[in-house]
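**Student:** Please see the structure below; I have some questions.
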Protein chains: 2
Amino acid sequence: MEHIRHSLAHLLAAAIKELYPETKPTIGPAIENGFYYDFEFPTPINEKDLEKIERKMKDILSTWTSFEGREVSADEAREYFKDNQYKLELIDELAEKGEKITLYTSGEFTDLCRGGHSDNLSKAIPADAFVLDRIAGAYWRGDEKNTMLTRIYGLAFSTKEELEAYFTQQKEAEARDHRKLGKELDLFTFSDLVGSGLPLFTPKGTLIRDLIVDKISSIQSRFGFQKVTIPHITKKDLYETSGHWDKFGDELFKVKGKSDTEFVMKPMNCPHHTQIYASRMRSYKDLPIRFAETTMVYRDEQPGELLGLARVRSITQDDGHVFCRPDQISQEIENITLVIKEFYTSLGMFEEGKFWVSLSVRDSENLDKYLGDSSLWDTAEAELESVAKKLSLPYKRIEGEAAFYGPKLDFMFEDALGRERQLATAQLDFIMPDRFSLEYTDQDGSKKTPVMIHRAIAGSLERFMAVMIEHFAGAFPLWLSPVQVRILPIADAHHEYGKEILVALKEKGIRAELDDRSESLGKKIRSSKEEKVPYVLVIGDKERDEKTVTIEGREGKVGTQSIEDTITFLLEKIAHKS
Amino acid sequence: MEHIRHSLAHLLAAAIKELYPETKPTIGPAIENGFYYDFEFPTPINEKDLEKIERKMKDILSTWTSFEGREVSADEAREYFKDNQYKLELIDELAEKGEKITLYTSGEFTDLCRGGHSDNLSKAIPADAFVLDRIAGAYWRGDEKNTMLTRIYGLAFSTKEELEAYFTQQKEAEARDHRKLGKELDLFTFSDLVGSGLPLFTPKGTLIRDLIVDKISSIQSRFGFQKVTIPHITKKDLYETSGHWDKFGDELFKVKGKSDTEFVMKPMNCPHHTQIYASRMRSYKDLPIRFAETTMVYRDEQPGELLGLARVRSITQDDGHVFCRPDQISQEIENITLVIKEFYTSLGMFEEGKFWVSLSVRDSENLDKYLGDSSLWDTAEAELESVAKKLSLPYKRIEGEAAFYGPKLDFMFEDALGRERQLATAQLDFIMPDRFSLEYTDQDGSKKTPVMIHRAIAGSLERFMAVMIEHFAGAFPLWLSPVQVRILPIADAHHEYGKEILVALKEKGIRAELDDRSESLGKKIRSSKEEKVPYVLVIGDKERDEKTVTIEGREGKVGTQSIEDTITFLLEKIAHKS
């Protein structure tokens, strides 16, 4: 498809040259889902012109039955593009590097190009499987000091059906956009005074965060994880010791007080956690020691890269570190995997065909890229694989994907739109304990270095929330819904009874609200639907007199039943995480 | 007492001049609990010499029956102190400022001095009511560019008994020192790589933090407080708007990424919280809105001011802000007070004679120091007082203690050593909502500015933990103990039964441990006592065979009873927060 998309970029340039002969084409590559081409137009065009250009492309398409390339000298090329300073610049560069210069022709259009086309574009793609999408400004070569060009984007797929499916998916993705839903559901906000990439979570958003954290915490505490607490800054000395000072470089936020001490905001928690380990003597019997902490780390992402909660500067990590003996690696990895399994099962995401696991091991061709004892690597890689087998994980062994400090298991989940997200992870680390001179006293009295395991269940809470909002389109499972039930009195006369029910539900820990606005039932139901409230309890004369409620879920009416039965029904649903 | 202590400093200098005639006295003030004097000694002295000096002081004391001052000219003074460059420097300064220069004489010793002495020192203090305490180095005038002098500290009280009581209290305070106990109980640690004033909390320390936070949270959620979540940094714009930029000045940690944007670490949370309020339209019906958050703020304290957890750079605030209408102030202050009452009652600290409340109002002589509508101030001050009366708080109205932005209630608690600590607070704020242009739509459709209430229950969690550790001497109430029960098998043969009990206790949420070391029962009991574990369950043959445990508390043996009865006993104790 890449060759077709690249060829379509040529076709776009051909159409432009016919319609606007004075235009100077610059470069036009294939991209994900389509292609673009950057032009210098003599007079600006706008989105309305796209239809005409697209029609011209389709006219020309039938004549593009071949793509012919030929090598030319730099001077020949310069002569051909003598009026186009952009192409001349490219030619000069190619000549300077001594690379060969090729011109490609299809139909009546010739372009300076490296090649990689569809031989017969007219047969390769149906005319209804591509469209021109939109116009944007783009600096020549991405440098804001250069001329601003006009970029025309196109979408292209193998068939009309695929193109339509793409549109449908796009529309669905827009409807589920977590930035839009986050605002509608009042989950988080941004403030110009605080800054971009620094979300502020409302009570409802905080509740969702806490429910996720509590859920993970309640699972992993059974596996011996204990919460610790660290500050958000450190002297740079900590990262000079860990080796992160060079690695993180300009992603680090530097912190300065009135003294000369150089502080930084932590971009990760592991070095701090090693210092808690190091605060006491540890014996082989004390291991494994398992620290967990949900805490914000800070990374200075470029403003242009920030995107709602999906990419932020204040990143809440659901972090954890195990310090163990080499003979405990296997059991610990198994335990972490069981935590991941239980958590994602409660979200309905740990299902066959909906996730897979990357067993990331060394690149066998470049073993010297990896630090640490090679036999420990061998054992650990084999153990990760045997855990994956034992737990019947759908895993793929991926060579070269290990970190330089150890192999890992990365868990990839598919969301409701089929988009893959790497969320959970368990990574071995043979290096950091050594850098911090961590020790334990072994049975024979000798000093040994523990192995460290980094693990994340949800990963970044912000990104996880973005994924969850889009996956569920805001209609969270009952246990994760900020408001689980809303009571809707038909008229003001039913408010008193509504309050009674509210108290009864709250007493049982059910997150309930009473909609006591003087609005019609229809409007109240619509509000609840917009806010994706899982259940509404409608109450009128009949319900009040009979001490019942009419309960309605997202999938329709459940029935009319007593308050007690309703509470039992809801508690059961909550307990089953449905 | 200050005059006596100051006179004793003269007496110390007199003794030094007799024993070491070449010594140059510099300055010697009265301080809390005693006095000091800084000298330039020709040859160094050490702590062993203090006894001799103290004896000499007591010898001279009987001759000091008067203290006579006389004003002299600068030249006279210069002549008198011609060999002492320190005194000469002081004389030059006095002369330059045109201040009068006085010399004071008692016995045979004359010193340059401003006055403020005991007329008859020999009668004013018994010879056994003061001692020399210790020696320290001190730069002349506190400037490290100057000569290092020798400072001799003395302690002085009205009577021998008071001096002894001071020693006893000091010893008790040392035994309870939270830095010492924090290490022994493994609650927190510091790392040189991370930096001073930045504590790292171990699992046990984190558990105590969480128990405190959960306790407050469970109380205040009944009063409508909702958790929110904010990042730890902000653009400086936020504090320029709030007015804190100038006020906090060099206590602020500045944060720099790769861009030009100037960030700072938050030294408080209120400005961030206003931005969550401001993210939506609010109606009079939505108020009060109550945000709560336990989060770290950062202030750049001087390294010399840092002290264990009592003074840190990363300060976890148990923070909360209410946005309400003026007519809701009274009810909200009452609610906050009820939260404070319930929390401190669970710690046994909300008891008559053990706390008092400062009703901090304007200085009636300087009303123009305070910002905001004066009639709103009048009403609010009256309302705070009526809440204090209604809830029978032991309050004192303190004029001039209000913040410039509003009146407040400060709660002062006495710890086990009788030291007073300001912990909880509720402060009205008439200014910040206005600075951030916060609004709500009133019943008549007009836009109004809400009132803000800042409230803290525990205050800084670090300082609160320091206070609690010292107050309880590490022997926390059962509900706050990291380990509530430890099972002590008499021999290895009882380990199996011990595990059974452990599972049963944990299932009920009791924080239990099994001491399965192969140590004697005596040693196991001692370990538990050192770690201040509230209850131990001793199990031997008899207990195993009869399925019982012998339960022992900090105050002695409780008895031998079944596991079920023991669980019931413990759960009841935990529920009653005893």
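**Student:** More than 9 Å from chain B (Cβ to nearest Cβ), assigned to a helix (DSSP H, G or I) and over 25 Å from A:Met468 (Cα atoms): is that true of A:Lys215 in this structure?
**Tutor:** So A:Lys215 does not fit the description; no.
**Student:** Is it the case that A:Ile574 is within 16 Å of A:Leu480 (Cα to Cα) and either surrounded by 13 or more Cβ atoms within 10 Å (Cβ to Cβ) or in contact with a Phe, Trp or Tyr (Cβ under 6 Å, 6 or more places away or on another chain) (or both)?
**Tutor:** In short, yes.
**Student:** Out of all the residues in the range B:182-209, which are assigned to a loop (DSSP other than H, G, I, E, B), crowded, with 21+ Cβ neighbours inside 10 Å and at the interface with chain A (Cβ under 8 Å from one of its Cβ atoms)?
**Tutor:** Those that are assigned to a loop (DSSP other than H, G, I, E, B), crowded, with 21+ Cβ neighbours inside 10 Å and at the interface with chain A (Cβ under 8 Å from one of its Cβ atoms): B:Ser191, B:Val194, B:Gly195, B:Leu198, B:Pro199, B:Thr202.
**Student:** Is it the case, given these coordinates, that A:Thr294 is of a type in the set (Ser, Thr, Tyr) and crowded, with 23+ Cβ neighbours inside 10 Å?
**Tutor:** no
**Student:** Considering every residue within the range B:488-502, establish whether at least one is without any contact (Cβ under 8 Å) to a residue 12 or more places away in the chain, surrounded by fewer than 20 Cβ atoms within 10 Å (Cβ to Cβ), over 30 Å from B:Ala402 (Cα atoms) and assigned by TED's automatic domain parsing to the domain that holds B:Lys408.
**Tutor:** No, the range B:488-502 contains no residue that is without any contact (Cβ under 8 Å) to a residue 12 or more places away in the chain, surrounded by fewer than 20 Cβ atoms within 10 Å (Cβ to Cβ), over 30 Å from B:Ala402 (Cα atoms) and assigned by TED's automatic domain parsing to the domain that holds B:Lys408.
**Student:** If you go through the range A:34-49 one residue at a time, do you hit one that is without any contact (Cβ under 8 Å) to a residue 40 or more places away in the chain and either part of a helix (DSSP H, G or I) or buried (at least 20 other Cβ atoms within 10 Å of the Cβ) (or both)? Reasoning before the result, please.
**Tutor:** Going residue by residue through the range A:34-49, those that are without any contact (Cβ under 8 Å) to a residue 40 or more places away in the chain are A:42-43, A:48-49.
From the residues that got through so far, the ones that are either part of a helix (DSSP H, G or I) or buried (at least 20 other Cβ atoms within 10 Å of the Cβ) (or both) too are A:48-49.
Yes, because at least one residue in the range A:34-49 is without any contact (Cβ under 8 Å) to a residue 40 or more places away in the chain and either part of a helix (DSSP H, G or I) or buried (at least 20 other Cβ atoms within 10 Å of the Cβ) (or both).
**Student:** Would you confirm, using the coordinates I've provided, whether B:Gly98 is in the same structural domain as B:Ala136 (by TED's automatic domain parsing), in contact with a Phe, Trp or Tyr (Cβ under 6 Å, 6 or more places away or on another chain) and at pLDDT below 95?
**Tutor:** When the stated conditions are applied, B:Gly98 does not pass them.
**Student:** Taking the stated definitions as given, is A:Leu238 touching a strand residue (DSSP E or B) at 6+ places or on another chain (Cβ under 8 Å) and either of a type outside the set (D, E, K, R) or in a loop (DSSP other than H, G, I, E, B) (or both)?
**Tutor:** No: the conditions fail for A:Leu238.
**Student:** Pairs, please: C-beta under 8 Å, at least 6 apart or cross-chain, first residue touching a residue at least 24 places away in the same chain (Cβ under 8 Å) and in the range B:509-531, second of a type in the set (Gly, Ala, Ser) and not in a loop (DSSP other than H, G, I, E, B)?
**Tutor:** Note: pairs meeting the criteria are B:Leu514/B:Gly498; B:Asp515/B:Ser527; B:Asp515/B:Ser528; B:Asp516/B:Gly498.
**Student:** Of all residues being among the polar types (S, T, N, Q) and touching a residue at least 12 places away in the same chain (Cβ under 8 Å) in the range A:218-233, which is farthest from the other protein chains (Cβ to nearest Cβ)? Just the residue, please.
**Tutor:** My answer is A:Gln220.
Conditions (1) of a type outside the set (Gly, Ala, Ser); (2) within 30 Å of A:Thr229 (Cβ to Cβ), marked per residue:
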| site | (1), (2) |
| --- | --- |
| B:Asp318 | yes, yes |
| B:Gln331 | yes, no |
| B:Phe355 | yes, yes |
| B:Leu359 | yes, no |
| B:Arg362 | yes, no |
| B:Lys369 | yes, no |
| B:Ala380 | no, no |
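Per-residue answers, yes or no, for (1) assigned to a loop (DSSP other than H, G, I, E, B); (2) over 16 Å from B:Ser7 (Cα atoms); (3) of a type in the set (A, V, I, L, M, F, W, C):
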residue	(1), (2), (3)
B:Gly28	yes, no, no
B:Ile60	no, no, yes
B:Thr65	yes, no, no
B:Asp83	yes, yes, no
B:Ala95	no, yes, yes
B:Asp111	no, no, no
B:Arg114	yes, no, no
B:Ser118	yes, no, no
B:Ser122	no, no, no
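**Student:** Between B:Ala136, B:Ala129, which is farther than 14 Å from B:His10 by Cα, assigned by TED's automatic domain parsing to the domain that holds B:Gly28 and crowded, with 18+ Cβ neighbours inside 10 Å?
**Tutor:** B:Ala129
**Student:** Identify all residues within the range B:234-255 that are hydrophobic (A, V, I, L, M, F, W, C) and facing another protein chain (nearest Cβ under 7 Å); write none if there are none. Break it down stepwise before answering.
**Tutor:** First, the residues of the range B:234-255 that are hydrophobic (A, V, I, L, M, F, W, C): B:238, B:245, B:248, B:252-253, B:255.
Matches in the range B:234-255: B:Leu238, B:Phe253, B:Val255.
**Student:** Tell me which strands (runs of 3 or more DSSP E) are completely within the range A:241-353 and hold 1 or more residues being within 30 Å of A:Leu181 (Cα to Cα), or say none if there are none.
**Tutor:** Passing ranges, in order: A:289-298, A:314-324.
**Student:** Identify all residues within the range B:416-447 that are in contact with a Lys or Arg (Cβ under 6 Å, 6 or more places away or on another chain) and assigned to a loop (DSSP other than H, G, I, E, B); write none if there are none.
**Tutor:** Scanning the range B:416-447 gives B:Glu439, B:Asp442.
**Student:** Would you mention how many residues in the range B:256-273 are farther than 18 Å from B:Phe291 by Cα and more than 8 Å from every other protein chain (Cβ to nearest Cβ)?
**Tutor:** The qualifying residues number 3.
**Student:** Now, a different point. State whether one or more residues within the range B:307-325 are farther than 30 Å from A:Lys235 by Cβ, away from chain A (no Cβ under 14 Å) and either more than 26 Å from the chain's Cα centre (by Cα) or buried (at least 23 other Cβ atoms within 10 Å of the Cβ) (or both).
**Tutor:** Within the range B:307-325, one or more residues are farther than 30 Å from A:Lys235 by Cβ, away from chain A (no Cβ under 14 Å) and either more than 26 Å from the chain's Cα centre (by Cα) or buried (at least 23 other Cβ atoms within 10 Å of the Cβ) (or both).
**Student:** List every residue pair whose Cβ atoms lie under 8 Å apart, where the two residues are 6 or more positions apart in sequence or sit on different chains, the first residue falls within the range B:274-288 and is among the β-branched types (Val, Ile, Thr), and the second residue, located anywhere, is part of a loop (DSSP other than H, G, I, E, B).
**Tutor:** B:Thr274/B:Phe436; B:Thr274/B:Leu438; B:Ile276/A:Thr202; B:Ile276/B:Val228; B:Ile276/B:Ile230
**Student:** Somewhere in the range B:425-446, is a residue free of Cβ contacts under 8 Å to residues at least 24 places away in the same chain and either of a type in the set (Lys, Arg) or under 24 Å from B:Gln220 (Cβ atoms) (or both)?
**Tutor:** The answer is no, given that none of the residues of the range B:425-446 is free of Cβ contacts under 8 Å to residues at least 24 places away in the same chain and either of a type in the set (Lys, Arg) or under 24 Å from B:Gln220 (Cβ atoms) (or both).
**Student:** Same structure again: With closer than 30 Å to A:Asp327 by Cβ, more than 10 Å from chain B (Cβ to nearest Cβ) and touching a strand residue (DSSP E or B) at 6+ places or on another chain (Cβ under 8 Å) as the only criterion, which of A:Arg290, A:Arg282 stands out?
**Tutor:** Values: A:Arg290 fails: more than 10 Å from chain B (Cβ to nearest Cβ).
Exactly one residue qualifies, and that residue is A:Arg282.
The values are calculated or read from the model by the stated rules, or taken from the named source; none is laboratory data. These figures come from a predicted structure and were not determined experimentally. Note that each Cβ is placed from the backbone with ideal geometry, even for glycine, and that neighbours are counted across all protein chains shown.
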